[in-house]
1. Using beta carbons and a limit of 7 Å, which pairs, at least six apart or on different chains, have the first residue in region 136-160 and under 19 Å from L2 (Cβ atoms) and in a loop (DSSP other than H, G, I, E, B) and the second one modelled with pLDDT of 95 or more and polar (S, T, N, Q)?
2. Among the residues of region 142-161, is any open to solvent by 30 Å² or more (accessible area, probe 1.4 Å) and aromatic (F, W, Y)?
3. Scan region 78-135 for residues that are open to solvent by 80 Å² or more (accessible area, probe 1.4 Å), in a loop (DSSP other than H, G, I, E, B) and either under 29 Å from R18 (Cα atoms) or touching a His at 6+ places or on another chain (Cβ under 6 Å) (or both) and report the count.
4. Among all residue pairs at least 6 apart or on different chains, which show Cβ distances below 8 Å where the first residue, located in region 93-120, is farther than 21 Å from A37 by Cα and the second is open to solvent by 100 Å² or more (accessible area, probe 1.4 Å) and in a strand (DSSP E or B)?
5. Conditions first: (1) modelled with pLDDT under 95; (2) open to solvent by 30 Å² or more (accessible area, probe 1.4 Å); (3) part of a loop (DSSP other than H, G, I, E, B). A233 passes all but one, so which condition is the exception?
6. For I72, state whether it is under 21 Å from V243 (Cα atoms) and not acidic (D, E).
Amino acid sequence: MLFSETLASMQPLNRGWRAQIGQDWSQGRATFGGMVAALGNEAMRRLVPADRELRGLETIFVGPALAGEVRIEAEVLRVGKAVTIASARLWSDEKIAATLTGVYGSARATALVLAPAVAAGVPPASGLPERSPADMGGPSFARHFGYRWAEGSLPYTGSSLRTSKTYVRHKDLAPLTESHVVALIDCIPSVIVQLMSTPAPSSSLTWTLQFLRHDYSFSPEAWWRIDAEVNSAGSGYSCESCVLLDPLGEPAAVARQMVAVFG
């Protein structure tokens, strides 16, 4: 089931919506977190005007969202002169699977314009081989994305490298949307797994995303890049951050997540 088909499956249900998630979007027994966040954003978007662009999205993964039908509820918490704040909840098997808060805002004049630092000298995607994590024992959802690694190691190789640089794109050729980019920035393996020597489960607990640019006019076949880093790890948890670069090499979003590591 393509990404765009999953978004299109959302239908009104009582005071919310229902959607169908295919088994091919699984990550272990749960659904890929980027799909969960994208569906939550889609629900909030039905309540927030398009001229208020997505500025921030915070997702807490409460429990597994299973393949099949999920239910989504959303509400607007506040409407200001420039910012609308909304929340959503996603239910699976009658259990809460995720809670989300979305911040949507109009552009405002500002004297400061700053962007994240971007690494120089990274090889272009055109000269790199395509490798799917799904072909290396990774989750099935990864088959919906293209991957080309410019930096980083394979999972569970005991690497000392705390960073990765990965070119990514959707294999769904439908036009890109805001929710496509929400899912895209979450599609790479957690960097922590390349530092581990033996396979062990890991699961995202919290994920905070901030959008810096809102250009979705690129071809679906264009390569974006995720520069990711493990900031800290200990006591069974890791903290990771990343920058998403658009096909022109401009920082489009930044994200930060807490990951539970069971090993």
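The values are calculated or read from the model by the stated rules, or taken from the named source; none is laboratory data. Computed from a predicted structure; not experimentally measured. All Cβ positions, glycine included, derive from the backbone under ideal geometry; neighbour counts span all protein chains shown. Ligands, DNA and RNA are stripped out before the accessible areas are found, and what is left, the full protein with its side chains, is counted by its heavy atoms. Shrake-Rupley method; radii C 1.70, N 1.55, O 1.52, S 1.80 Å.
1. Cβ pairs passing all conditions: P139/S26.
2. Within region 142-161 (the criterion being open to solvent by 30 Å² or more (accessible area, probe 1.4 Å) and aromatic (F, W, Y)), the answer is yes, since at least one residue qualifies.
3. Result for region 78-135: 2.
4. none
5. Unmet for A233, out of (1) modelled with pLDDT under 95; (2) open to solvent by 30 Å² or more (accessible area, probe 1.4 Å); (3) part of a loop (DSSP other than H, G, I, E, B): (3).
6. Working: under 21 Å from V243 (Cα atoms): no; not acidic (D, E): yes.
No.
Yes or no, residue by residue, for (1) at pLDDT 95 or above; (2) under 24 Å from G105 (Cα atoms); (3) open to solvent by less than 50 Å² (accessible area, probe 1.4 Å):
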site: S164; (1), (2), (3): yes, no, yes
site: E178; (1), (2), (3): yes, yes, yes
site: V181; (1), (2), (3): yes, yes, yes
site: P189; (1), (2), (3): no, no, yes
site: T198; (1), (2), (3): no, no, no
site: A222; (1), (2), (3): yes, no, yes
site: C242; (1), (2), (3): yes, yes, yes
